[in-house]
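Below is one structure; the comments refer to it alone.
Derivation of every value follows stated rules applied to the coordinates shown; laboratory data play no part. Since this is a predicted model, take the numbers as computed values, not measurements. Positions of Cβ are generated from backbone atoms using ideal geometry, with glycine treated the same way; all protein chains shown enter the neighbour counts.
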Amino acid sequence: MAEEEKKKVKRPLGHARLKPGKCIACGARCQSECKVEAVEMNDKGEPVINLGKCTGCRRCIRICPAEAIEIYFTPEEQKILDELAKQQTGEKPAAPVVEPVDEAAVKLAAKLKEYKGVWVFVEQSEGVPAEVSWELLGVGKDLAKTRNVELCAVVIGDKVKDICQDAFSYGATKAYLIDSPVFLHYRTEPYYKAVCYLINKYKPEIVLIGATGLGRDLAGAVATDMATGLTADCTGLSIDENGFLLQTRPAFGGNIMATIKTERTRPQMSTVRPHVMPLPKKDPACKGQVVVESFPLNEKDILVKVLEVIDDRKGAGDVDIAGAEVIVSGGRGMLNKENFKILQELADELGGVVGGSRATIEAGWLPVERQVGQTGKTVRPKIYFACGISGAIQHLVGMQDSDVIIAVNRDASAPIFEVATYGIVGDLFQVVPGITNRIRELRKAKRNTPSAENTACVPEDKTNGTS
Ligand SMILES: Cc1cc2nc3c(=O)[nH]c(=O)nc-3n(C[C@H](O)[C@H](O)[C@H](O)COP(=O)(O)OP(=O)(O)OC[C@H]3O[C@@H](n4cnc5c(N)ncnc54)[C@H](O)[C@@H]3O)c2cc1C
């Protein structure tokens, strides 16, 4: 009888709790891993664990990259554990536990194993590849290396074979090519069918697509047809210890960073916006294998016809903030539209362009094409000036990967300073013209030095752009 009772005592699993000062605010991985919604995130991006809900499953502990979560037992639970430990002393070792075979899990694991390789869809328009494709090959190379698999490009179009060599120059070792007049212009139906045909035939584990207008359309159609998961607008991609793709993106209006996994279906699909990932170095000497595929499709079977292609890239006064090397952005602190003149003057001195936070677009001070941030453009310039911008998370996700960030704000506690390379606490109406004047003075002094003749071939904005 006493033996029976011993067996009935359930071993407590404890509850997760945060170790003080250890959390690195990695982007709410513990929250997304928790299956019982026991984890809330506070303002600092740290977890607040609801002990009433926590089942002690240890998922959050396993996912935490900073070992910031530990298991905690209440005094009552600790008593039970001590009791169990005492009972075990002197007892015969328990017979090994034979886990029942979960056939569904075994089948699933076998199916997932069939998928190998990292693919990047190379977007092109009239034979001109989109730069985001090369950025994806950069991050794809790291993923492929971690998974020890091939990095492949998917090139679809009309007379686009040369693009395969470009893809090799940016890190792909193989390119799947479908080249036919049917693919001259992008249309959802032929393109998604061609991509799905390749996926079904070659079974890649990861497919990356640029989050452009075309890419978003294609990725959604492919993921639907393949009945697999798609994470849009990822800002981070990595591989976890089980080989799953960790897809990080802002969620809940940018208030948290969610990390998403596709655990049960393949391929794992993500889109990434232009300029979010760095452009890898091009090595034209790199070679690879071109796998030519034909996907039979007749023009007459395709319902959508392209009558005319209108290039809309030349809007907003011919300014493309996404491709600019220097951006001088203003926020609500600019106070009115006219004051943007001082930002334009600084931008002109540095050969840059003017951008803004959403507040300035909503106020009608700048056209919508100039908006930087989550619902605007993602930018990665060499220099980003943030003038009178507080640094809301929705703004930061669009510019925090700039090479150098110079923030001007009169509030020393503004969050923009947390991502700034150089922070200037002061009134922008004094600081910005001050910087512009200083650049002009330096430029003038340079012109007047005797060696100026020798440097006459160097464009002015380049000599001073990084000073
Ligand atoms: C779903 C969603 C999507 C969003 N998408 C975007 C987006 O894409 N891009 C974006 O920017 N925002 C976006 N937002 C809005 C975002 O949350 C902020 O409201 C916005 O970025 C604030 O703009 P701001 O920094 O210009 O203004 P504020 O937050 O009002 O900051 C103004 C700053 O100017 C400083 N200042 C004032 N006067 C001076 C002076 N004379 N000298 C120096 N500094 C001065 C102040 O100290 C303050 O820090 C989004 C919000 C939501 C909910």
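Using just its DSSP H runs of length 4 or more, each adding -39500 (n - 2.57), the chain gives a mean residue ellipticity at 222 nm of -9500 deg cm²/dmol after division by all residues. Computed on region 321-465, with alpha-carbon pairs under 8 angstrom and 6+ residues apart, the relative contact order is 22 percent.
Where the alpha-carbon atoms of region 154-282 are placed on the principal axes, they occupy 45, 34, 29 Å, in descending order. Rounded to the nearest 20, the size of the Cβ-charge dipole of region 321-465 about its Cα centre is 120 debye, with Lys and Arg at +1 and Asp and Glu at -1. Hey, with R₀ at 22 Å, roughly what FRET efficiency would Glu308 and Asp217 work out to, going by the Cβ-Cβ distance, to 0.05? Between Glu308 and Asp217 the formula returns 0.75. The overall shape of the chain is oblate: from the C-alpha gyration tensor, with semi-axes ordered a ≥ b ≥ c, the ratio a/c is 1.5 or greater and a/b is no larger than b/c.
Residues Leu108, Leu350, ranked from the fewest to the most other C-beta atoms within 10 Å, line up as Leu108, Leu350. Ordering Ser169, Ser413, Ser270 from the fewest to the most neighbouring beta carbons within 10 Å gives Ser413, Ser169, Ser270.
Among the listed pairs Lys193/Lys261; Lys10/Lys111; Lys113/Lys141; Lys141/Lys305, those with a Cα-Cα distance over 27 Å are Lys10/Lys111; Lys141/Lys305.
Check each of the trypsin sites (Lys or Arg not before Pro) in region 270-372 and keep only those in coil by DSSP with at most 16 other C-beta atoms within 10 angstrom; list them in order. Counting only loop positions with at most 16 other Cβ atoms within 10 Å, the trypsin sites (Lys or Arg not before Pro) in region 270-372 are Lys281, Lys282, Lys287, Lys305, Arg313, Lys314, Lys337.
Taking label points 7 Å from Cα along the Cα-to-Cβ direction, Thr188 and Leu335 give a separation of 4.9 nm. Structural descriptor for the chain: relative contact order 10 percent, calculated from alpha carbon pairs under 8 angstrom and at least 6 residues apart. Stretching Ile61 away from Arg447 to a fully extended chain increases their span by 132.8 nm, per 0.36 nm per residue minus the current alpha-carbon distance.
Exactly which GluC sites (Glu not before Pro) in region 269-340 are in a DSSP loop and have at most 11 other Cβ atoms within 10 Å? The qualifying sites are Glu308, Glu338. As a proxy for reagent exposure, ranking Ser294, Ser32, Ser357 by other Cβ atoms within 10 Å from fewest up yields Ser294, Ser32, Ser357. Sorted into 10 angstrom bins from 0, the C-alpha pair distances of region 335-421 split as 18, 55, 27, 0 percent.
Of the peptides 158-167, 66-75, the order by per-residue mean of other Cβ atoms within 10 Å, starting with the highest, comes out as 158-167, 66-75. Once the mean of 1/r is taken over each pair of separate Cα atoms and inverted, region 12-88 shows a Kirkwood hydrodynamic radius of 13.0 Å.
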